[in-house]
Amino acid sequence: MCDMTSTDSRDVFSISGQRVMLTGAAGGIGRATARLFAEAGARLAVSDVDGEGLAALVTELRAAGADVWPDRIDLADPDAISAGVASATERLGGLDVLINNGAVRAIGAAIEVEPDGWDRVLDINLRGVFLAARAAARVMAEQGSGRIINLASQLGLVAAPGRVAYVTSKGAVIQLTRALALEWVESGILVNAVAPGPIDTPLLASLDRWPEERERLRANVPMGRFGRPEEIAAVIMFLASPAASFITGHTLVADGGYTIH
């Protein structure tokens, strides 16, 4: 992987040829990220538990000429994560970037959350992120370079009622990012996170059934609108590019100002 010492101004944001693994690729932010990275010339290993959505994404990207490989991975399964990273590394001939995007949401009052529901959210959103990062770091350490980008959330920085497991998991991802960055920096691995605010994805569209809740959420964004998946994909691409070669352990918040008040 190149950095600013070996890159001229024309290539400072280029990710062409990078070998990238992306989890949660079939969802809103994941799909937008896969499209953007493919258009920029990255080679992709994309994964998701949604096999149908993943197949549709791969068909779309390949039709556009992208070099992309699919792998159905359940992030609640440690063995599947290890196998998925190994498969991506073999298919791509190495691994330059891991984008830990896969996650689940859960809504429910804290006093009513069942242990199994709590465990499922933490298993996927936190343990899954850690295990994928660790597997990727073993590959990257041998190469002497790599980028790991974890998807956190603005709800990892501020709380919200009825989302205790999700909020906890995303706050932990931010701290995990710092810890891994510190441990792996000497191996040439940069670890950062992105914390999106409310993004206009199919998940957010489900709030159309509750217009008052949707409007309340929009009102909390100083920019007065929801973000677009493509805007988060661009932030992820920045952190994967040579332009971010002196950044590690950082959480880049892209929330339209949600967390500033």
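The values are calculated or read from the model by the stated rules, or taken from the named source; none is laboratory data. Computed from a predicted model, the values in this text were never measured in an experiment. Positions of Cβ are backbone-derived with ideal geometry, glycine not excepted, and every protein chain shown enters the neighbour counts. Quick note on the areas: whole protein, heavy atoms, side chains included, nothing else; ligands and nucleic acids left out. Shrake-Rupley method; radii C 1.70, N 1.55, O 1.52, S 1.80 Å.
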Report summary line: So, first residue under 30 Å from Asp116 (Cβ atoms) and open to solvent by 50 Å² or more (accessible area, probe 1.4 Å) in the range 55-77, second residue assigned to a loop (DSSP other than H, G, I, E, B) and not small (Gly, Ala, Ser), Cβ within less than 6 Å, six or more apart or across chains; the pairs are Asp74/Val49
Report summary line: Pro242: passes all of (1) of a type outside the set (Val, Ile, Thr); (2) open to solvent by less than 30 Å² (accessible area, probe 1.4 Å); (3) over 19 Å from Gly30 (Cβ atoms); (4) in contact with a strand residue (DSSP E or B) (Cβ under 7 Å, 6 or more places away or on another chain) but (4)
Query raised in the report: Just checking, which of Asp200, Asp208 is touching a strand residue (DSSP E or B) at 6+ places or on another chain (Cβ under 9 Å), open to solvent by 20 Å² or more (accessible area, probe 1.4 Å) and modelled with pLDDT under 95?
Result: Asp200
**Report entry** the range 78-103, residues that are in a loop (DSSP other than H, G, I, E, B), among the aliphatic types (A, V, I, L, M) and open to solvent by less than 30 Å² (accessible area, probe 1.4 Å)
**Finding:** Leu95
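Restricting to the range 143-171, what's the tally of residues that are in contact (Cβ under 8 Å) with a residue 24 or more places away in the chain and either open to solvent by 30 Å² or more (accessible area, probe 1.4 Å) or touching a Cys at 6+ places or on another chain (Cβ under 8 Å) (or both)? Give the derivation first.
First, pick out the residues of the range 143-171 that are in contact (Cβ under 8 Å) with a residue 24 or more places away in the chain: 143-154, 156-158, 161-166, 168-170.
Next, only the ones that are either open to solvent by 30 Å² or more (accessible area, probe 1.4 Å) or touching a Cys at 6+ places or on another chain (Cβ under 8 Å) (or both) stay: 143-144, 157-158, 161, 163-164, 168.
Residues meeting the conditions: 8.
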Query - Ser187, sole failed condition from (1) out of contact with any Ser or Thr (no Cβ under 9 Å at 6 or more places or on another chain); (2) surrounded by fewer than 18 Cβ atoms within 10 Å (Cβ to Cβ); (3) of a type in the set (Ser, Thr, Tyr) - result: (1)
